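Enquirer: My questions all concern the structure below.
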Amino acid sequence: VQLQASGGGSAQPGGSLRLSCAASGRDFSSYTMAWFRQAPGKEREFVGAVNWSGDRTDYADSVKGRFTVSRDNTLNTVNLEMNSLKPDDTAVYYCAVTVMNWASRMSKDRYTYWGQGTLVTVSS
């Protein structure tokens, strides 16, 4: 089972980036998929999640209104559209999958599968 994240890079404040995560080795269409991030010297934190069908999403307050999580079950992918980027968004971003129910979406300890991380740097 592998989760492969891509799309990281550099952006200026106010800019946009799109991250994608492709899953292989298992069908994750029945499970919640999410993005977490970890800045240098900080704990890994929840960014956003999407339920199995794609009709429910949730976000950390810090990204609400700026980031959008979506998924395509036909391609076994989850995406993170990031707009109005801020320097505080600089971090390594990880995609993850939990086999627990939707109530567990914000807890990193409830996630079984993790991608390798992709670096996002926001600076002028």
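The values are calculated or read from the model by the stated rules, or taken from the named source; none is laboratory data. Please read these numbers as outputs of a predicted model, since none were measured by experiment. Using ideal geometry, Cβ is built from the backbone for each residue, glycine included, and neighbour counts are taken over all protein chains shown. Note: areas computed on protein heavy atoms with side chains; ligands, DNA, RNA excluded. Shrake-Rupley method; radii C 1.70, N 1.55, O 1.52, S 1.80 Å.
Let's see how each residue does on (1) aromatic (Phe, Trp, Tyr); (2) more than 19 Å from residue 1 (Cβ to Cβ):
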| site | (1), (2) |
| --- | --- |
| 11 | no, yes |
| 20 | no, no |
| 23 | no, no |
| 45 | no, yes |
| 48 | no, yes |
| 56 | no, yes |
| 67 | yes, yes |
| 78 | no, no |
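Enquirer: Also, quick follow-up: Only residues in the range 1-27 that are charged (D, E, K, R) count as the first member; pair them with residues that are surrounded by 12 or more Cβ atoms within 10 Å (Cβ to Cβ) and outside any loop (DSSP other than H, G, I, E, B), Cβ under 6 angstrom, at least 6 apart or cross-chain, and list the lot.
Expert: 18/81
Enquirer: Would you please list the contacts, defined by Cβ atoms under 9 Å and residues six or more apart or on different chains, that run from a residue in the range 84-100 that is free of Cβ contacts under 8 Å to residues at least 12 places away in the same chain and closer than 16 Å to residue 48 by Cα to a residue that is open to solvent by 10 Å² or more (accessible area, probe 1.4 Å) and not β-branched (Val, Ile, Thr)?
Expert: Matching pairs, first to second residue: none at all.
Enquirer: Any residue at all in the range 10-27 that is touching a helix residue (DSSP H, G or I) at 6+ places or on another chain (Cβ under 8 Å), more than 19 Å from residue 105 (Cβ to Cβ) and not polar (S, T, N, Q)?
Expert: Taking the range 10-27 and keeping what is touching a helix residue (DSSP H, G or I) at 6+ places or on another chain (Cβ under 8 Å), we get 13.
With more than 19 Å from residue 105 (Cβ to Cβ) added as a condition, the list becomes 13.
Next, from what is left, pick out any that are not polar (S, T, N, Q): 13.
Checking the range 10-27: at least one residue is touching a helix residue (DSSP H, G or I) at 6+ places or on another chain (Cβ under 8 Å), more than 19 Å from residue 105 (Cβ to Cβ) and not polar (S, T, N, Q).
Yes or no, residue by residue, for (1) hydrophobic (A, V, I, L, M, F, W, C); (2) outside any strand (DSSP E or B); (3) touching a helix residue (DSSP H, G or I) at 6+ places or on another chain (Cβ under 9 Å):
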{"residue": "33", "(1), (2), (3)": "yes, no, no"}
{"residue": "42", "(1), (2), (3)": "no, yes, no"}
{"residue": "49", "(1), (2), (3)": "yes, no, yes"}
{"residue": "62", "(1), (2), (3)": "no, yes, yes"}
{"residue": "65", "(1), (2), (3)": "no, yes, no"}
{"residue": "68", "(1), (2), (3)": "no, no, no"}
{"residue": "74", "(1), (2), (3)": "no, yes, no"}
{"residue": "119", "(1), (2), (3)": "yes, no, no"}
{"residue": "124", "(1), (2), (3)": "no, yes, yes"}
